[in-house]
């Protein structure tokens, strides 16, 4: 559920520091339910860690995606525009949301164990 | 501390793996498997809903009919024993207290079935209007209600009742045994599909629920949460109190004029205000909205025409049946025209949309 090679945020995003890909966690997609819409940022835009970088909407809920790190958007997953359900089906794989050129903010991230503890408390 | 209520089926929902949320003061299942799957099951096969949170108020006595007529905007003369009418209930100023179903058992015995979130408010309002020699009883805690909805509903229910369901026409009810329990069975619902609402004693709820799921499973029946109940009613253009109707929205503005009887001699609370509103012309009207740009219109989002606010979304969703992003809106009457190109403000950005008719979905009647 929470791969060891990823880092996590309290807001339930994940980031892979090797591929620089970012998405939302299994816990987040399950809490949202059927995802039916994703709003993606434009390529080239710069964000600080914690900035809203997009929106995920399920049938019932609208939820911001917060940037886990600081950096510049270099790619977005355009498959999500037509198939937002990929976020439910494969949150760490085909359901990735965007890729960033990371310039900082990694020190605040949680490892898999710490994230697991966090969601067990929720 | 504010205590949430539970229906008699709470434990069943938990066993079925439901996600539980607060709704109308109750802990209710919002989904079991997923809203879209559940939605589609109801459109294609059948779904079973626990709607025991709904309120039931019994009115008895010689003055019952006259009393109810005073409360509701529809004409109670339209019903006789075994019939049901839908009606808004208004304040003196025409704003809406609630919308409800009136069940007529006989000229001196009726049930008012009201929204869960309004049961206490309605009860206080109704008591405050009592002048007649009548008996009012809030029987909400004694009565459980299941809704069985979808094209397979009749076939499923017929397996566990000696009642001839074919004989129950739309908005009629009969009393009899279902799964061996004393029941009231009406052909009503809140999904846009054929189906039934079944009232039983609280203590019989689990038995009927499990019997229906058991007998219905081979025919595709599944338990359905409030999430899909909302998307189903939304596609069918059915109003939800607190969204399309409120103390600030009259039934005329909500497009419910066929349930507001201004022409016959019947007198009801709010009639003068509604007559005046009709005479001067409605300032705003209910319209459907279909997104052209990407984005989902949500409740409260502003609608603009040429950068001017012309109204707002009262309910909005992705429509599972139609695969579109749709909204129900309250807009200025002069802008309320099918085909009108407008913008919905989504996160402070104008997104193109067009006005369309409601309901968005109508089932094919055999």
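Assorted remarks:
- Cα-based shape type of region B:1-131, given that a ≥ b ≥ c are square roots of the gyration tensor eigenvalues and the cut on a/c is 1.5: prolate
- Volume in Å³ per residue [convex hull over Cα atoms, computed for chain B]: 149
- Highest mobility in the GNM of chain B, judged by mean-square fluctuation with C-alpha springs under 10 Å and restricted to B:138, B:307, B:106, is found for B:307.
- Across every direction, the projection of the convex hull enclosing the Cα atoms of region A:4-68 has a mean area of 4.6 nm².
- With R₀ set to 45 Å, the beta-carbon distance separating residue B:349 from residue B:5 gives a calculated FRET efficiency near 0.65.
- Descending semi-axes in Å of region B:209-366, equivalent ellipsoid built from Cα gyration tensor: 30, 25, 13
- Residue B:248 versus residue B:338: modelled label distance in nm, points set 7 Å from Cα along the beta carbon direction: 3.0
- The ranking of B:181, B:104, B:90, B:206 by Cβ neighbour count inside 10 Å, starting from the fewest, reads B:206, B:181, B:104, B:90.
- Inter-label distance, nm, simple model (7 Å from Cα along the C-beta direction), residue A:64/residue B:278: 4.8
- Per-residue mean of foreign Cβ neighbours for A:32-39 is 5 (Cβ atoms of other chains, 10 Å radius).
- 4 °C / 1.567 mPa s Stokes-Einstein diffusion coefficient of region B:73-209, Kirkwood radius on C-alpha pairs, µm²/s: 81
- Listed residues B:264, B:315, B:52, most fluctuating in chain B (Gaussian network, C-alpha, under 10 Å): B:264
- Mean partner shielding of peptide B:293-306, defined as the number of other chain Cβ atoms within 10 Å of each residue Cβ, is 1.
- Taking the helices alone, chain B has a mean residue ellipticity at 222 nm of -5500 deg cm²/dmol, built from -39,500 (n - 2.57) per DSSP H run of at least 4 residues and averaged over all its residues.
- Whole-Å distance, taken between Cα centres, linking region B:155-188 and region B:1-61: 21
- The calculated Kirkwood hydrodynamic radius for chain A is 14.0 Å, given to one decimal from all distinct C-alpha pairs.
- Taking the inverse of the mean reciprocal distance over all distinct Cα pairs, the Kirkwood hydrodynamic radius of region B:304-366 comes to 12.8 Å.
- Listed residues B:164, B:74, B:115, most fluctuating in chain B (Gaussian network, C-alpha, under 10 Å): B:164
- For the protein assembly as shown, the normalised intensity computed at q = 0.11 Å⁻¹ comes to -0.99 (log10 of I(q)/I(0), Debye sum over alpha carbons, equal scatterers, no solvent).
- Averaged over A:55-66, number of beta-carbon atoms from partner chains that fall within 10 Å: 4
- Sequence of B:322, B:101 once ranked by neighbouring C-beta atoms within 10 Å, starting from the fewest: B:322, B:101
- Each part reduced to its alpha carbon centroid, region B:262-316 and region A:1-79 end up 37 Å apart.
- Overall form of region B:55-128 per C-alpha gyration tensor (a/c, 1.5; a/b vs b/c): prolate
- Region B:180-224 shape via C-alpha gyration tensor axes, a/c threshold 1.5: oblate
- Exposure proxy ranking, count of Cβ atoms within 10 Å, fewest first, for B:326, B:148: B:326, B:148
Read-outs: derived from the displayed coordinates by stated rules, not from any lab. Everything numeric here is computed off the predicted structure, so don't read it as measured data. Quick reminder, even Gly has a Cβ in these numbers, built from the backbone with ideal geometry, and neighbours come from all protein chains shown.
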